[in-house]
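*Asks:* One structure is given below, represented as structure tokens, and several questions about it will come after.
Throughout, read-outs are computed from the coordinates displayed, never taken from laboratory work. Source: prediction; values computed, not measured. Cβ sites come from the backbone with ideal geometry, for glycine too, and all protein chains shown count toward neighbours.
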């Protein structure tokens, strides 16, 4: 994903850590010459996970401010497999789209069918009447990073 972002001439906005999947994506984007902006809450910076080689590393006071800042900086949300933090950031981004606070694409990168269970759950929420079908469509699914980037570009 990071190499593809750089090859497309895009930049990356992410949580600012040097560990895990997103640390690897940031490293690949940087290696390809992309601008990489990290937004890290001060509480996490003290845990020695701040990526020190980014184009820009912004420290913010809280997790909420991190998500708000990333939403301002991003043109699209490409969501890779992840855990609670990923789910939190993804749900906030798609909720803000539902509320009309932004009109940026929210796209799950469904590597190895990782997000299938979540998508089935969301379909259940539509069937149960808790989520409107039109709002369910705010969260799109791409089979891989290349398709996700095409979706974000409006090419798919």
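*Asks:* Could you work out the relative contact order of the chain? I mean the mean sequence separation of Cα pairs under 8 Å and 6+ apart, divided by the number of residues, in percent.
*Replies:* 18
*Asks:* Oh, and also: For residue 98 and residue 19, compute 0.36 nm times the residue count separating them, minus their Cα-Cα distance, and round to one decimal in nm.
*Replies:* So the chain would gain 25.3 nm between residue 98 and residue 19.
*Asks:* Could you list 14, 84 so that the one with the fewest beta carbons within 10 Å of its beta carbon is first and the one with the most is last?
*Replies:* So the ranking, lowest neighbour count to highest, is 84, 14.
*Asks:* Let me ask something additional. Considering the chain as a Gaussian network with a 10 Å cut-off on Cα pairs, which listed residue, 120, 146, 50, attains the greatest mean-square fluctuation?
*Replies:* 120
*Asks:* Can I ask one more? Using P(r) over Cα pairs in 10 Å bins from 0, in percent as the read-out, say which of [x] 11, 39, 36, 12, 1; [y] 7, 9, 9, 8, 7, 7, 6, 6, 6, 5, 5, 4, 4, 4, 3, 3, 2, 2, 1, 0; [z] 9, 30, 23, 17, 12, 7, 1 was calculated from these coordinates.
*Replies:* Computed from these coordinates, P(r) over Cα pairs in 10 Å bins from 0, in percent corresponds to label [x].
*Asks:* Still on this structure: Restricting to Cα pairs below 8 Å that are 6+ residues apart, what does the relative contact order work out to for region 1-75? Please round to a whole percent.
*Replies:* Computed over region 1-75, the figure is 31 percent.
*Asks:* Fewest first, what order do 91, 151 take by the number of other Cβ atoms within 10 Å?
*Replies:* With the fewest neighbours first, 91, 151 line up as 91, 151.
*Asks:* Pick out which of 21, 57, 78 has the largest mean-square fluctuation in a Gaussian network model of the chain, springs linking Cα atoms closer than 10 Å.
*Replies:* Greatest mean-square fluctuation among the candidates belongs to 21.
*Asks:* What is region 76-150's relative contact order, in percent, from Cα pairs under 8 angstrom and six or more apart in sequence?
*Replies:* About 36 percent, as a whole number.
*Asks:* Among 110, 135, 18, whose mean-square fluctuation peaks in a Gaussian network model of the chain (Cα, cutoff 10 Å)?
*Replies:* Among 110, 135, 18, the largest mean-square fluctuation in the Gaussian network model of the chain belongs to 135.
*Asks:* Between rounded, prolate and oblate, where does region 1-75 land on the alpha carbon gyration tensor, with a ≥ b ≥ c its root eigenvalues, rounded for a/c under 1.5, else prolate if a/b exceeds b/c?
*Replies:* Oblate is the answer for region 1-75, as a/c is 1.5 or above yet b/c matches or exceeds a/b.
*Asks:* Continuing with this model, one more query. Determine the calculated [θ] at 222 nm for the chain from helices alone, applying -39500 (n - 2.57) to every DSSP H run no shorter than 4 residues and normalising by the residue count; nearest 500 deg cm²/dmol.
*Replies:* Rounded to the nearest 500, the figure is -13500 deg cm²/dmol.
*Asks:* What is the ratio of the Cα radius of gyration of region 76-150 to 2.2 N^0.38 Å, where N is its residue count, to two decimals?
*Replies:* Relative to the 2.2 N^0.38 Å estimate, region 76-150 comes out at 1.04.
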